[in-house]
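The values are calculated or read from the model by the stated rules, or taken from the named source; none is laboratory data. The model shown is predicted, which means the values in this text are computed figures rather than measured ones. Neighbour counts are summed over all protein chains in view; Cβ atoms, including those assigned to glycine, are modelled from backbone coordinates with ideal geometry. Keep in mind that these areas ignore ligands, DNA and RNA; they rest on the heavy atoms of the full protein, side chains included. Shrake-Rupley method; radii C 1.70, N 1.55, O 1.52, S 1.80 Å.
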Amino acid sequence: MKYPIGIQNFENLRREGYVYVDKTALLWKIITEGKYYFLSRPRRFGKSLLISTLEAYFEGKHELFNGLYIGAKETEWLSYPILHLDLNTEKYDSPEALQDILDRSLRQWEMAYPPVMKEKTLAGRFESVMRAAKEKTGRQVVVLVDEYDKPLLQAIDNEVLQTEYRNTLKAFYGALKSCDKYIKFAFLTGVTKFGKVSVFSDLNNLIDISMLPQFTAICGITEEELLCNFHSSVTELADTNNMTVEECYMRLKDDFDGYHFDVGAQGIYNPFSLLNTLSYKVFRDYWFETGTPSFLVQQLQKTEYPLDMMTEEELTADTLNSIDIMDENPLPLLYQSGYLTITGYDKEFATYRLGFPNREVREGFIKYIAPFYTPKNREKPLMFIRSFVNDVRNGNPEGFMHRMQQLFARGDYQVMGDQELYFQNCMYVIFTMLGFYVEVERHTTDGRMDVVVQTRDYVYIMELKIDQSAETALQQIEEKCYAEAFSGDTRVIYKIGVNFSTSTKRLEDYLIK
């Protein structure tokens with residue numbers, strides 16, 4: 001079986017015999033029921049292939065659709081003039097960068113469809129070429145835009161440049177509305193949603209299918225599609241890794257499934273990681289390794305966001321759909337970029353709960369941000385956690401608490417902004433990483449245990465205080481009777497009170513009982 005890893009051209013995929021999961025039933029639905037569409041999905045989820053499939057359809061290349069849903073539905077196979085704008089490949093570091101790529105695309109289109117009148121502005125030229133294409137061919141144009149927001153994402157930390165890009169794109173895309181009579185179909189994709197982004201304020205007739213339940217599977221791979229299209233591949237993967245087929249399916253699900261783009265919708269597998277795993281028969285974090293979330297970490301730190309709230313805060317649909325509030329709340333950007341997904345919904349208040357979609361993203365994200373949120377020392381965060389885990393498993397609380405105290409004492413770091421939040425975020429990272437190897441339950445609500453670490457033989461109950469005392473922390477464990485939750489448990493129970501100091505920026509003291 002040939003896996004279409006990195007293949008974004010539908011014609012090449014079909015002619016060269018790569019496996020294709022048929023998504024054309026969903027494409028037929030949008031083609032026949034509407035005109036202007038927008039889709040948001042994380043990177044490497046198949047947006048470019050989707051655009052290329054639409055392009056092949058509107059070019060009338062019926063032979064590419066033999067055996068697919070559309071191949072059995074379409075009877076006319078007309079060819080339309082297509083204006084395909086791909087903003088994915090350029091490096092956007094100046095106002096001219098965006099203008100240049102728009103100018104290059106316009107010049108190519110103008111060669112194919114020479115306008116009667118020469119316009120000067122980018123938006124004016126876009127309108128003219130749509131009009132010229134309609135007049136030359138006698139058919140309306142199809143407009144396909146891939147990664148409309150790439151310039152905005154690359155300028156996310158440059159407010160002046162981002163404003164420049166928004167103004168340019170707003171005027172350019174605004175031409176779509178004024179040229180409605182020349183347009184047959186328009187489809188735009190991106191990572192971020194346009195709910196409140198001023199780029200589309202003049203283009204209010206776009207249908208956003210990103211969170212519509214009938215289109216959740218338009219990109220990515222569902223459980224049913226995995227079973228129907230790749231069962232033999234999963235069997236080979238299981239044999240290679242000395243697993244049963246059932247174990248292999250479970251591993252794939254834990255590692256790469258879990259993306260939800262609507263409340264109660266079926267989970268979606270990350271297609272890039274899944275196909276790479278089936279192709280090379282090695283379990284690795286392929287999607288995470290192809291791009292680091294550095295700009296997301298910048299937003300988390302810039303907003304001084306408490307990390308433990310990433311999976312606790314509830315957001316309205318308007319908030320979830322907007323990146324305009326990213327200087328106040330980075331969660332919409334984390335969601336739209338694929339690092340968080342929908343895990344719950346409160347129908348009464350119409351709010352969404354987010355969480356990590358799967359193991360690949362959860363572990364990859366936490367390990368990536370660890371150096372940004374923990375004191376720097378000779379040991380790398382993962383090596384520190386390894387030593388920490390060994391002490392936990394061996395019933396040595398004095399050892400791992402001393403190790404943690406040394407981490408803060410020797411660390412080369414600066415505490416920016418809220419010092420209390422710094423310690424909270426640092427502990428969140430440490431104990432979340434610890435949870436990859438042993439069972440960790442962390443609560444932050446008043447009256448509940450801060451940290452519970454469990455192994456086969458030991459239970460560690462920890463209470464964390466800031467600018468108080470370890471004795472006060474230990475006293476709370478006793479007064480709240482936290483250990484009673486494990487009454488009758490034969491394991492050894494350790495109670496640990498911890499105190500951090502914002503003046504010394506250290507783990508000041510701890511007590512173990």
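For the reader, a short list of remarks on this structure follows.
- Failed item, numbered, when residue 266 is tested on (1) more than 20 Å from residue 42 (Cα to Cα); (2) surrounded by fewer than 19 Cβ atoms within 10 Å (Cβ to Cβ): (1)
- Qualifying residue in segment 211-220 (condition: under 19 Å from the mean Cα position of the chain (by Cα), surrounded by fewer than 20 Cβ atoms within 10 Å (Cβ to Cβ), of a type outside the set (A, V, I, L, M, F, W, C) and at positive phi): no
- Of the helices (runs of 4 or more DSSP H) lying entirely inside segment 212-329, those carrying at least 2 residues that are hydroxyl-bearing (Ser, Thr, Tyr) are 223-240, 271-280.
- Only a single item in (1) out of contact with any strand residue (DSSP E or B) (no Cβ under 8 Å at 6 or more places or on another chain); (2) farther than 19 Å from residue 100 by Cα; (3) at pLDDT below 95; (4) open to solvent by 10 Å² or more (accessible area, probe 1.4 Å) is not met by residue 135, and it is number (3).
- Among the residues listed as 57, 37, the single one being among the hydroxyl-bearing types (Ser, Thr, Tyr), in contact with a helix residue (DSSP H, G or I) (Cβ under 6 Å, 6 or more places away or on another chain) and closer than 30 Å to residue 204 by Cβ: 37
- Residues of segment 1-55 that turn out to be among the β-branched types (Val, Ile, Thr), more than 23 Å from residue 173 (Cα to Cα) and open to solvent by less than 10 Å² (accessible area, probe 1.4 Å), as a count: 1
- All told, residue 357 falls short of being within 19 Å of residue 295 (Cα to Cα) and under 13 Å from the mean Cα position of the chain (by Cα).
- Residue under evaluation residue 43, criteria (1) part of a helix (DSSP H, G or I); (2) closer than 18 Å to residue 217 by Cα, criterion not met: (1)
- The set of residues in segment 63-118 being farther than 21 Å from residue 140 by Cα and of a type in the set (Asp, Glu) consists of 63, 90, 93, 96, 100, 103.
- The listed residues are 228, 248, 219, and the only one of them that is closer than 30 Å to residue 140 by Cβ and not polar (S, T, N, Q) turns out to be 219.
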